[in-house]
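The values are calculated or read from the model by the stated rules, or taken from the named source; none is laboratory data. From a predicted model like this one, the values you see are computed outputs, not experimental measurements. Virtual Cβ from ideal backbone geometry, glycine too; neighbours counted across all protein chains shown. Ligands, DNA and RNA are excluded from the accessible area calculation, which covers all protein heavy atoms including side chains. Shrake-Rupley method; radii C 1.70, N 1.55, O 1.52, S 1.80 Å.
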Amino acid sequence: MSAPTRIDLHAHSTASDGTLSPAELVRAAADAGLDVVAITDHDTTAGWDAAVRALPPGLALVRGAEISCRWYGAEPAIPLHLLAYLFDPDEPALAAELARIRAAREVRAERIVELLRADGVEVSWPEILAGAGGGVVGRPHIAQALIRAGLVASTTEAFGPRWLGERYRLPKEDVDVFRAVALVRAAGGVPVFAHPKASRRGRIVPDELIVDLAAAGLAGLEADHEDHSPVERAHVRRLAAELGLLVTGSSDFHGTHKTVQLGAFTTDPAGYEAIVAAGVTPVASG
Ligand code: AMP
Ligand code: FE
Ligand code: FE
Ligand code: ZN
């Protein structure tokens, strides 16, 4: 058997703000020619079982999540995303923290809707919640309501400053990033910093924080991602080499909520193998 070569370690399903169900996601991954895909929904493992059950032959599934975090070393604190792979989903401390931030996301999304409605924008909270279909609610679901109302033409426009990017933006209740790294490790998982230098998404953290996170148990950095410029990708790779961190690349696929396609960016086998070796939950194979 040859080593897997097409490895995409960051994708969302309807368990959060993607548009394909977990079963559709793994089928789409096989159709895209991937050997390995990771399901990494925001703050939830709810899609794992359905994805495993639907795994097509020849595809391997890395079970993961993308945890909403914050670094409090800057004022105001900087939000960031921590990918967590192959952890025990039943480990109580991590499971409780994920449940807490999911609940807080709902409160926050409803508040955003209230702000919009107070300004006369006709969006409906029950409809937005229904649009999330039981998945973890995020701004992309509110963006869909703005599109349905004819107020914006695209998700990108909905994330502009006039709407969810600034005027109607509320912070999430996130996890301190050092606590998140410790929780993921304690649950037997492998923490990887998602798109750490994506300056086009907003403020980014300094290298010094990444040095400290590496000392605290961070395992890797996502280098190849559509939100990183070529210079940022090279910078992340250099930093990872200096710190002995593994490197990943991934699409961060969200179905039709984003334009990027599965497999648009991929992970080298070395990074994948380091994750598999360090995680407590086995990779599932179809
Ligand atoms: P939230 O987690 O509710 O703060 O929403 C953030 C999510 O919105 C991200 O995970 C992306 O899926 C999506 N997102 C953020 N910025 C954009 C953008 N400019 N265009 C499309 N989707 C975006
Ligand atoms: Fe997302
Ligand atoms: Fe992310
Ligand atoms: Zn993501």
- Message: Looking at the stretch 217-233 only, could you name the residues that are aliphatic (A, V, I, L, M) and open to solvent by 50 Å² or more (accessible area, probe 1.4 Å)?
- Response: Val231
- Message: Of the conditions (1) under 22 Å from Leu55 (Cα atoms); (2) loosely packed, with under 15 Cβ neighbours inside 10 Å, Gly244 satisfies every one except a single condition; which number is it?
- Response: (1)
- If Ala99 satisfies every condition in (1) in contact (Cβ under 8 Å) with a residue 40 or more places away in the chain; (2) part of a helix (DSSP H, G or I) but one, which is the exception? (1)
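Being open to solvent by 10 Å² or more (accessible area, probe 1.4 Å) and part of a helix (DSSP H, G or I) is the filter; apply it to the stretch 82-95 and report the residue that is nearest to ligand 4 (Cβ to nearest atom).
At the first step, the residues of the stretch 82-95 found to be open to solvent by 10 Å² or more (accessible area, probe 1.4 Å) are 88-93, 95.
Applying the additional criterion that residues be part of a helix (DSSP H, G or I) yields 92-93, 95.
Working: Pro92: 25, Ala93: 23, Ala95: 20 Å.
My answer is Ala95.
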- Heads up, the helices (runs of 4 or more DSSP H) in the stretch 102-205 (entirely inside) with at least 3 residues that are open to solvent by less than 50 Å² (accessible area, probe 1.4 Å) and within 16 Å of ligand 4 (Cβ to nearest atom) are 139-148, 177-186
- Message: Contact list please: Cβ distance under 6 Å, first residue in the stretch 76-87 and of a type in the set (Ser, Thr, Tyr) and away from ligand 2 (no atom under 15 Å from the Cβ), second residue open to solvent by less than 10 Å² (accessible area, probe 1.4 Å) and in a strand (DSSP E or B), pairs at least six apart or on different chains.
- Response: Tyr85/Val62; Tyr85/Gly64; Tyr85/Val190
- Query: For the stretch 225-277, what are the residues that are among the β-branched types (Val, Ile, Thr) and under 18 Å from Gly64 (Cβ atoms)?
  - Reply: Val247, Thr248, Val260, Thr266, Thr267, Ile275, Val276
- Quick one: is Leu183 under 23 Å from Ser13 (Cα atoms), modelled with pLDDT of 95 or more and over 15 Å from the mean Cα position of the chain (by Cα)? no
- Item | Residue satisfying condition, being closer than 29 Å to Ser285 by Cβ, at pLDDT 95 or above, within 16 Å of ligand 1 (Cβ to nearest atom) and surrounded by 14 or more Cβ atoms within 10 Å (Cβ to Cβ), within set Leu98, Leu61 | Leu98
- Message: For a quick check of your reading of the model, give me the residue pairs whose first member lies in the stretch 198-218 and is small (Gly, Ala, Ser), whose second is assigned to a helix (DSSP H, G or I) and open to solvent by 40 Å² or more (accessible area, probe 1.4 Å), with beta-carbon atoms closer than 8 Å and at least 6 apart or on different chains.
- Response: Ala214/Leu243; Ala216/Phe178; Ala216/Ala182; Gly217/Ala182; Gly217/Arg185
- Note on the structure: Scanning the stretch 10-25 for residues that are away from ligand 1 (no atom under 11 Å from the Cβ) and in a loop (DSSP other than H, G, I, E, B) gives Ser13, Thr14, Ala15, Leu20, Ser21
- Just one of (1) touching a Gly at 6+ places or on another chain (Cβ under 7 Å); (2) within 12 Å of ligand 1 (Cβ to nearest atom) trips up Val137, so point out which. (1)
- Task: Return yes when Thr45 is within 16 Å of ligand 1 (Cβ to nearest atom) and of a type in the set (Ser, Thr, Tyr) and no when it is not.
- Result: no
